[in-house]
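Participant: Supplied in structure tokens, the structure appears directly below.
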Amino acid sequence: MKTLLAFLFALSTAIPAIAQQSLDAMVDREIASLVTTYKMLHAAPELSHHEEKTSAFLAAQLRALGYTVTEHIGKYDRSDWQGFGVVAVLKNGDGPTVLVRTDLDALPVEEKTGLPYASTVKTKNDVGQDVGVMHACGHDIHITNMIGTAKMLAQLKDQWHGTLILLGQPAEETIDGANAMLADGLYTRFPKPDFTIALHDSSDVEAGKVTYYPGYAMASSTSVDVIVRGVGGHGSKPEATKDPIVMAAQIIMALQTIISRENSPLDPAVVTVGSIHGGTKRNIIPDEVVLQLTIRTYKEEVRQRILTSLDRITRGVAMAAGLPDNRMPIVKLINNEMAPATYNDPQLTERVVAAIGRTIGSDNVIKASPLMGSEDFGNLSLDHKIPSLMFWLGAVEPAKVEASRKSGKPLPSLHSSLFAPLPEPTLRTGVKAMTAAVLELMKK
Ligand SMILES: [Zn+2]
Ligand SMILES: [Zn+2]
């Protein structure tokens, strides 16, 4: 009896070790082909709303692995944009429904990495300008990682049960792709998930590591245009005008007090005026000036308070300038350029992070700091109703991270023309981490 118990105990501890060995071996077998796929995707980036070939490639790969794949999901306000969303479903008996998301799009950046597989793609953007195109945010890492994870999970079907949904989301950089897919019936045409998970590569964490943050991990993003209206006229005759350039300058300075004087220092928030346009000539006082703002917050109530302050301050400046009621500034929310905060469900985070730690070594899984950057992944959680997690995947050569820490010289960031993830160790870690995450949530 004693020997039987000892044998059973030995067996129960040996099973995860065997599973781990087999996952390592499985990733070893695939890694060369994944790196080839990555380099191919890297050299062929497509802009947001135009992910035609990328989505078709992902769809074909997942279909070949036995997933039931639907393409062309996504409805935008603009009729000339097509939805290039991909949904791949693998049903494996009763059990939880888990959604894993990758984004598909690249950026209007001309690549300067000098890599042999660097992108040389040039295209016209939506306003007709010639632009270079680059996967400068590493969404090609995410797509390749999904293909690798899809392969692992198709082969490991005896270890999990439920419905696995792999989602290829277009237009993340313009933060309207997740909503476009929801508007096209993502959760009515396909099973609604119990959990949603995603990863994003990190430009300051070494390859081989994963970082995470429980709770609010990324901020909401709100885009606002302010049209400051004046009364134009001759530059030599200010007394006959109401100058919107001076008002715009006052508004920009007054907006600085929202964060410094009205907001609690314990509630992170940012108000940035990123663009100001007005006037045509030195001696003309124009009729209007347009400001473009981005607002970042974690909490919804903070976002609402900032928007109220923005209204009050812009109106206040216009009133002080003596403008009539019908020339008050217009504050316009740009609805298709908004994203909610990314909230990592703490319980889900703890569970998944522990599983990733068991797979890649707990020393390689590190709690990081939250960011004020934004993502539209949060839309898929339907206002935190579906527990969600996005974790970060280290993508930089360890020696470069070390050198940057020593010298204090920052590494090329995401969206930089010099951002160059180290493909092999990044994908090796990413595939293992995402496979472990899904197996944890769907294990038998
Ligand atoms: Zn990006
Ligand atoms: Zn990104």
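The values are calculated or read from the model by the stated rules, or taken from the named source; none is laboratory data. From a predicted model like this one, the values you see are computed outputs, not experimental measurements. With ideal geometry, Cβ positions are generated from the backbone for all residues, glycine too; neighbour counts draw on all protein chains shown. Accessible surface areas use protein heavy atoms only, side chains included; no ligands, DNA or RNA. Shrake-Rupley method; radii C 1.70, N 1.55, O 1.52, S 1.80 Å.
Participant: Quick one: net charge of G278's neighbours, Cβ under 15 Å, K/R +1, D/E -1?
Facilitator: Surrounding charge for G278 is +1.
Participant: Now a separate question. Whenever you get a sec, compute what percent of the accessible area on the range 195-281 sits on carbon and sulfur atoms (1.4 Å probe).
Facilitator: C and S atoms contribute 59 percent here.
Participant: In debye, nearest 20: dipole of the chain around its Cα centre with unit charges on the Cβ of K, R (+) and D, E (-)?
Facilitator: 560 debye
Participant: I need two numbers for the chain: Rg to one decimal and Dmax as a whole number, Cα atoms only, in Å.
Facilitator: Considering the chain through its Cα atoms, Rg and Dmax are 24.9, 103 Å.
Participant: Roughly how much of E301 is accessible, in Å² to the nearest 10, using a 1.4 Å probe?
Facilitator: Per-residue accessible area (E301): approximately 110 Å².
Participant: Ignoring ligands, DNA and RNA, what accessible area per residue does the chain give at 1.4 Å, in Å²?
Facilitator: With all protein chains present, the chain gives 46 Å² per residue.
Participant: Arrange the residues E375, E110 by how much accessible surface each exposes, largest first, with a 1.4 angstrom probe.
Facilitator: If we order E375, E110 from most to least accessible, we get E110, E375.
Participant: Net charge around G95, counting only other residues with Cβ within less than 11 Å of its Cβ (Lys, Arg = +1; Asp, Glu = -1)?
Facilitator: Cβ neighbours under 11 Å give a net charge of +1.
Participant: Using a 1.4 Å probe, how large is the accessible area of E111, given in Å² and rounded to the nearest 10?
Facilitator: Accessible area, nearest 10 Å²: 20 Å².
Participant: Next up: How much net charge surrounds G66 when only other residues with a Cβ under 14 Å from its Cβ are counted (Lys, Arg +1; Asp, Glu -1)?
Facilitator: Once positives and negatives cancel, what remains is +4.
Participant: Mind computing the radius of gyration and Dmax over the alpha-carbon atoms of the range 361-404? Å is fine for both.
Facilitator: For the range 361-404, the Cα radius of gyration and maximum Cα-Cα distance read 14.5, 42 Å.
Participant: Which one, P423, L167, I285, projects farthest toward the positive side of the charge dipole computed for the chain from Cβ point charges (K/R +1, D/E -1)?
Facilitator: Final value for the positive-end residue is P423.
Participant: For the range 274-377, what is the charge dipole size about the Cα centre, in debye to the nearest 20, if Lys and Arg each add +1 at the Cβ and Asp and Glu each add -1 at the Cβ?
Facilitator: 320 debye
Participant: Next up: Mind jotting down a quarter of the surface of the convex hull over the alpha carbons of the range 94-179, in square nanometres, one decimal?
Facilitator: Dividing the Cα hull surface by four gives the mean projection, 7.4 nm².
Participant: Rank these residues by their accessible area, most exposed first, probe 1.4 Å: L393, L266.
Facilitator: So, going from the largest accessible area down, we get L266, L393.
Participant: Which trypsin sites (Lys or Arg not before Pro) does the range 318-398 hold that lie in a coil by DSSP with at most 15 other beta carbons within 10 Å?
Facilitator: Answer by residue number: K385.
Participant: Once Lys and Arg get +1 and Asp and Glu get -1 on their Cβ, which of L99, S362, P346 lies farthest toward the positive end of the dipole of the chain?
Facilitator: S362
Participant: Pulled fully out, how much extra length does the chain show between S22 and K400, if you take 0.36 nm times their separation in residues and subtract their Cα-Cα distance?
Facilitator: 133.0 nm
Participant: Using +1 at the C-beta of Lys and Arg and -1 at the C-beta of Asp and Glu, which of I197, G208, V231 has the Cα lying farthest in the positive direction of the dipole of the chain?
Facilitator: It is G208, whose Cα lies furthest towards the positive end.
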